[in-house]
Each structure stands twice: as structure tokens, then as C-alpha cells.
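Student: This is the structure I have questions about; it appears just below.
The values are calculated or read from the model by the stated rules, or taken from the named source; none is laboratory data. None of these values were measured; they are calculated from a predicted model. When we count neighbours, we look across all protein chains shown, and the Cβ atoms used for this are built from the backbone with ideal geometry, even at glycine. These area figures cover heavy atoms from the full protein model, side chains too; ligands, DNA and RNA do not enter into them. Shrake-Rupley method; radii C 1.70, N 1.55, O 1.52, S 1.80 Å.
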Amino acid sequence: MNKEILTSLADLTRWSKSFFEAKRNERAVFLLDGAMGAGKTQLVRTLGDLFGWKEVSSPTYSLINEYDSGKIHHCDLYRIESSEELENTGFWDIFLKKSGWIFVEWSERMEISKIPKGWNIYRIQIEVDGSEKRTLHVSYL
């Protein structure tokens, strides 16, 4: 597990560029975990700025947003209450794609074991200490 301490938006941008640029051609799922307001959506917005994705916004109500011509999916499972409900959203259909990145906020509301083989899975846990400081714990599953 890697640990990164960020104290500003500039730190987040620097870290994001380094971490995600190295994974640019991967078929990957990024499980974004952290309390409400920890910065999960901000991380995806930062990537949008870096890679030119248009209109990155929180998928809290839409559940799934697509960027970069459908190559990037940003999912928010906060409002999901059961595996049956998740199944009915079309969430698992995203994994039929041959390439791309999938960002999942509130991933504890899904069965990670259902992610099909062939996808690299990263967990990014974001901790906040009450100030601007964020600690990222990154692991490969």
C-alpha cells in the first residue's frame, strides 16, 4: 500500500498526473473510498482538467457519468441500497467494454468480487484530518 499526503489542490494535481499517467492505457477500476466531502469527486475533476474531459460533475443523482467519449465512467453508489438495485442501473454493463477507466465512489455498496477478470483494481482511500490535508492510501487488489 502506498501512502501520499496532500496539503493543497496543487499537490492533488501533481499526484494525479504522476499516478494516472502511468495507468493511461490500463483497463482499470478505481474504488474511491472516504467520508462525504473527502475529495472523491474532486479527484475525478482534477483528472478531467488534466486529460481534457468535459464537464466533470458529481454523479450522485445520475449514478453514472461518462466522459471522453464513453472511455471514462464515474459512478456514485451512495444512493444504492441493495445488489438488486445496483443490478437494475446497468452498472455491471460498463465492465463489458474492452478498455477504459471506471471510478466508483462508495464502492462498499457493491460486490467487488463481481468485477470481471481482466480489470486492474485499485483502492484509493481518502482520509481528511479536518483541514485541507488529505492522506491517500492506494492499494492494488
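Student: Run lengths n ≥ 4 of DSSP H only: what is the helix-derived mean residue ellipticity at 222 nm for the chain, with -39500 (n - 2.57) per run over all residues, to the nearest 500? Present the calculation step by step, with values, prior to reporting the outcome.
Tutor: On the way: 3 runs with 31 residues, N = 141.
Computed mean residue ellipticity for the chain: -6500 deg cm²/dmol.
Student: Cα axis of helix 9-21 to longest principal axis of the chain: angle in degrees, 0 to 90, nearest 10?
Tutor: Value to nearest ten degrees: 50.
Student: Can you give me the Rg/Rh ratio for the stretch 94-135, using Cα atoms for both radii and the Kirkwood formula for Rh?
Tutor: On the way: Rg = 13.7 Å, Rh = 12.7 Å.
Looking at the stretch 94-135, the ratio lands at 1.08.
Student: With a 1.4 Å probe and every protein chain left in place, work out the accessible area per residue of the chain in Å², rounded to a whole number. Walk me through the numbers before you get to the answer.
Tutor: Working: 7730 Å² over 141 residues.
Accessible area per residue, the chain: 55 Å².
Student: What's the percent breakdown of Cα-Cα distances in the stretch 62-101 across 5 Å bins, shortest bin first?
Tutor: Each 5 Å bin holds this share of Cα pairs: 6, 22, 33, 22, 13, 5.
Student: Below 12 Å, Cα to Cα, which aspartates and glutamates can Lys54 reach? Residues fewer than 8 away in the same chain don't count.
Tutor: Cross-link targets: Glu66, Asp68.
Student: With the radius of gyration and the Kirkwood radius both derived from the Cα set of the stretch 29-68, what is their ratio Rg to Rh?
Tutor: Numbers: Rg = 10.2 Å, Rh = 10.9 Å.
Over the Cα atoms of the stretch 29-68, Rg/Rh equals 0.94.
Student: Something else about it: Would you mind working out the magnitude of the charge dipole of the chain relative to its Cα centre, with +1 at each Lys and Arg C-beta and -1 at each Asp and Glu C-beta, to the nearest 20 Debye?
Tutor: Working: 19 positive and 21 negative charges, 122 e Å.
Rounded to the nearest 20 debye, it is 580 debye.
Student: Just to confirm the filter: which GluC sites (Glu not before Pro) across the stretch 1-110 are DSSP coil and have at most 11 other Cβ within 10 angstrom of their Cβ? Walk me through the numbers on the way to the answer.
Tutor: Numbers: sites: Glu4, Glu21, Glu26, Glu55, Glu66, Glu81, Glu84, Glu85, Glu87, Glu105, Glu108; in loops: Glu26, Glu55, Glu81.
Here the GluC sites (Glu not before Pro) that fit, given the DSSP loop and packing criteria, are Glu55, Glu81.
Student: Note down, for the stretch 1-103, the three equivalent ellipsoid semi-axes (square root of 5 times each alpha carbon gyration tensor eigenvalue), biggest first, whole angstrom. Could you put the intermediate results ahead of the total?
Tutor: On the way: eigenvalues 106, 56, 33 Å².
Values for the stretch 1-103, descending: 23, 17, 13 Å.
Student: Rounding to the nearest 10 and keeping the result within 0 to 90°, find how far the Cα-based axis of helix 40-51 lies from the longest principal axis of the chain.
Tutor: Taking Cα atoms only, the helix is inclined about 80 degrees.
Student: Taking all protein chains as present, what is the carbon and sulfur share of the accessible area of the stretch 19-95, in % to the nearest whole number, probe 1.4 Å?
Tutor: 43 percent
Student: Full extension from Asp129 to Ser113: what is 0.36 nm times the residue separation minus their Cα-Cα distance, to one decimal in nm? Write out the running numbers ahead of the final one.
Tutor: Numbers: separation 16, 0.36 × 16 = 5.76 nm, distance 3.08 nm.
That works out to 2.7 nm of additional length.
Student: Could you pull out the pairs from Lys17/Lys97; Lys23/Lys71; Lys3/Lys40; Lys17/Lys40; Lys23/Lys133 whose alpha carbons sit more than 18 Å apart here? Provide the component values of the computation, followed by the final result.
Tutor: Numbers: Lys17/Lys97 24 Å; Lys23/Lys71 14 Å; Lys3/Lys40 16 Å; Lys17/Lys40 16 Å; Lys23/Lys133 25 Å.
Listed pairs above 18 Å: Lys17/Lys97; Lys23/Lys133.
Student: If you count the DSSP beta bridges with both ends in the stretch 10-119, what percent of them are antiparallel, to the nearest 5? Spell out each step's value before the answer.
Tutor: Numbers: 4 of 14 bridges.
The antiparallel fraction comes to roughly 30 percent.
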